[in-house]
Amino acid sequence: MDHCDVLIVGAGPVGTTLALELALQGVSFRIIDKSPTRSEHSRALIVHPRTLELLDRHGPVVDKLMSKGTIARGAVMNINRKLVARVDMDDLDITDTNFPLPLMVSQAETEKFMEEALAEYGKAVERGYTATNIVQNDKGVTTTLKTPNGSHTTIRSKYVVGCDGAHSVVRHSASDVTFDGDTYPQDFILCDARLRNSNVARDRFTICFGDTGLLAFFPISPHSNDNNEDGLIRLIASGGRSVTKQPPSQPTAPGSPGSQPQHQHGEQPDEPPTLSHFQHLLDSFAPPGSGTVHSPIWLARFRLHHRGVNSYRSSRLFLAGDAAHIHSPAGGQGMNVGIQDAINLGWKLASVLKHHNKLTEEAREALLDSYHAERYPVGRALLQGTDRMFSFTAAASPWILKVRNAVLPWVLPWLVAVKWVRRRFYGFISGFGTSYRYSGKGNGGGAGESCVVGMNIMSSESSSMKIRGGDRLPDGKVIELTPGRAEVGRTDGRYAPGDEGRRVPDLPLLEERTETSLHRICRGASWHLLLFSGTGTGDSNAVTVEGLTLAGERVLAVVKRECSLHFFYHVAEDQDRGDSAGQGRLRPLGDGELQVVTGDSGVASYADPGGRVHGLLGLDNGHGGFVMVRPDGYVSHIGYLSSLHDFVKEWESQVRI
Ligand SMILES: Cc1cc2nc3c(=O)[nH]c(=O)nc-3n(C[C@H](O)[C@H](O)[C@H](O)COP(=O)(O)OP(=O)(O)OC[C@H]3O[C@@H](n4cnc5c(N)ncnc54)[C@H](O)[C@@H]3O)c2cc1C
């Protein structure tokens, strides 16, 4: 019998993401997939901004996706062949990220680039292996695999993660896990084809509502290629017929009568639509000039479900992605949320495995339970949100469609003109709105408690903090400070030990900027402790190198895991002396406000020109502060340095890792 720490069943986008995370963490794992080759179907076309941010720590995956995909700038809504609204997403003033907009790119490309990144870690998917039976006890899990040559073998692992899609065998093996929900009565048809002579927007989604259904366009590769071929487009339409409801039970198990294990969940392989049917829909629902479809590469009919598990964990078995939640493609969420499941789980499994002997059993269990506590509420919100969007866009009843189409031309233009409405909606679909704040201890949430999210560490002056424990770490640009260069501003341009405590002369510094960003700094497998000097305004002084070093030492004494320390110093940005707006030179603050910009503390140090990053984090009222960032890029604790004592106490009593 073979052994490994983690067996990942399923190498779709979710399983491959988990493999990337475990490889980054240096954990022993295997990843198997029953399919001998990767799927070439486009399926998920939208990679949302939060997913791009999170995948960006795995080598060139995101750069490759960017080179193949198209940035989606918004949507166009037509009703009965007339334009009623253009929805913009590029005017929402989202500045705290490198990826403000979604990317349209085929899931086949996404999976390919992920597998290439996995190869760079020296790991590969074992294809042609099907998990057929999974049995766990309190010591481990035994999985029976059917091998490519038809024989059977077993693997013993400490944990098994089911990333095996809608018909998950892992889920079926967990006797205490249910998969409740329902099947939509409408069926849907899909066509990936080329589009000729079309005026359909190539950098937006286009949705056309008609009195008998809807048709949506999603550009896949919108531009003609070198051979002068027409661009590829995805068309999705209501299938034009209602289907008898299935009882709200679990989907049939793979291998049992009626199951379709070779197909995407809900696909009805026996009844594909025809290209001429799509041309007819285009002529009936889309505005004149929408073009001619030809050269189809995928025609399919779908039934859609909305179902979710009651638990993401059953002892040593975990579920992620479509194995845990399936829903309509409205909002383009499934793959994105699944990838984020995997990123949440990866570092937790790794912590428990790598530091098994240093953690108490209680601490290990609490950390693994926090996966369900944090991701279950996200999954529930996903099912509710996509269900609402689906019911709105694809109502089955003809009279609801008529009322909708009569009302929308009046309401939609007004609604999309209101920025905060769009921002709110975008917060949900982009993934930026995902927060584990309410899975924290004492914060309720109803689905268990997370041990790795602290409430804001409250002290009188921190009660107004805008980022809290559980929130995404916003991204912002800072400047790398290299000891030994001209940061301190001595006339010889070098820092010398003993300069701490002396006032820095008000000289230009950092002529040559090496710009980096919070997200880049917080990549890698470890936790990150960010210590901020504070802006030194109002009645408080900015904290010196010694102050931050002391604070760092106090925290590192109780945090037993790998934790990287980073110092951030507020410096003024003198726009007047710069070449152009935003390119000003940096100088230390005025007399007495900042005594030493950087030192030889050996800690990575950064300048925060104009205190912009301090401001993003809500640390801009003068006082120094700290932010503890988890390996998955979420803030676990945040506060002012004056509340460091409370943070250390909370870490010792609650987090214990
Ligand atoms: C038409 C369409 C459009 C979509 N659009 C979007 C979109 O725009 N954005 C978005 O985020 N999502 C979208 N989705 C959803 C997205 O495709 C899925 O959510 C995503 O593929 C789920 O990934 P996964 O890795 O969880 O599961 P899957 O992609 O289903 O992968 C599961 C893998 O497990 C393997 N497997 C299954 N059983 C076993 C077994 N017993 N042993 C070994 N291996 C096994 C399978 O071969 C497969 O490779 C869309 C889906 C469809 C159908």
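Cβ crowding within 10 Å ranks R375, R380 as R380, R375, fewest other Cβ atoms first. The gain in end-to-end length when the S151 to D88 segment is fully stretched comes to 17.2 nm, 0.36 nm per residue minus the alpha carbon separation. 3J(HN,Hα) couplings calculated from phi for segment 334-346 with the Karplus curve 6.51 cos²θ - 1.76 cosθ + 1.60 (θ = phi - 60°) are, in sequence order, x, 5, 4, 5, x, 4, 6, 4, 5, 5, 5, 7, x Hz; Gly and Pro show x.
Between T360 and T144, the FRET efficiency estimated from the beta carbon spacing at R0 = 35 angstrom works out to 0.60.
Fully extending the segment from R196 to E229 would add 11.0 nm, taking 0.36 nm per residue of separation and subtracting the current Cα-Cα distance. Which of the trypsin sites (Lys or Arg not before Pro) across segment 136-219 are loop residues per DSSP, with 11 or fewer other Cβ within 10 Å? Filter output for segment 136-219: K139. Sorting 280-291, 404-415 by their mean Cβ neighbour count within 10 Å, with the most densely packed peptide first, gives 280-291, 404-415. Between the amide H of A572 and those of R587, L589, G610, distances stay under 5 Å, these residues lying 5 or more places away or on another chain, with hydrogens modeled in the peptide plane.
Measuring how big segment 289-445 is from its alpha-carbon positions, Rg and Dmax come out at 20.3, 67 Å. Put the Cα centre of segment 289-354 next to the Cα centre of segment 46-80 and the gap is 16 Å. Between R127 and S175, residue separation times 0.36 nm minus the direct Cα-Cα distance comes to 14.6 nm. Of the residues G74, V105, G165, the one whose Cα sits farthest toward the positive end of the charge dipole of segment 58-177, with +1 on the Cβ of Lys and Arg and -1 on the Cβ of Asp and Glu, is G165.
Judged by the ratio a/c of the largest to the smallest principal axis of the C-alpha gyration tensor, segment 613-657 counts as oblate, that ratio being 1.5 or greater while a/b is no larger than b/c. On the beta carbon distance between A108 and A406, with R0 = 60 Å, the FRET formula returns roughly 0.90.
Taking label points 7 Å from Cα along the Cα-to-Cβ direction, V421 and W298 give a separation of 3.3 nm.
Sequentially through segment 185-192, phi angles give Karplus couplings (6.51, -1.76, 1.60; θ = phi - 60°) of x, 6, 9, 10, 10, 9, 8, 9 Hz, Gly and Pro residues having no value and appearing as x.
Close amide H contacts of V76 (hydrogens built in the peptide plane, cut-off under 5 Å, sequence separation of 5 or more or a different chain): V87, F205, T206, I207. For S636, the residues whose modelled amide H falls within less than 5 Å of its own, excluding neighbours fewer than 5 places apart on the same chain, are G470, M628, V629, R630. Along segment 109-118 the Karplus relation, 6.51 cos²θ - 1.76 cosθ + 1.60 evaluated at θ = phi - 60°, assigns HN-Hα couplings of 5, 4, 5, 4, 5, 5, 5, 5, 5, 5 Hz to successive residues, with x for each Gly and Pro.
Label D203 and C563 with points 7 Å out from Cα along Cα→Cβ: what is the distance between them in nm? So the label points at D203 and C563 sit 4.4 nm apart.
Here, each number is a calculation from the coordinates, and none is a lab measurement. If you're wondering where the values come from, they're calculated on a predicted model, not measured in any experiment. In this analysis, Cβ positions are derived from the backbone assuming ideal geometry, glycine residues included, and neighbour counts consider all displayed protein chains.
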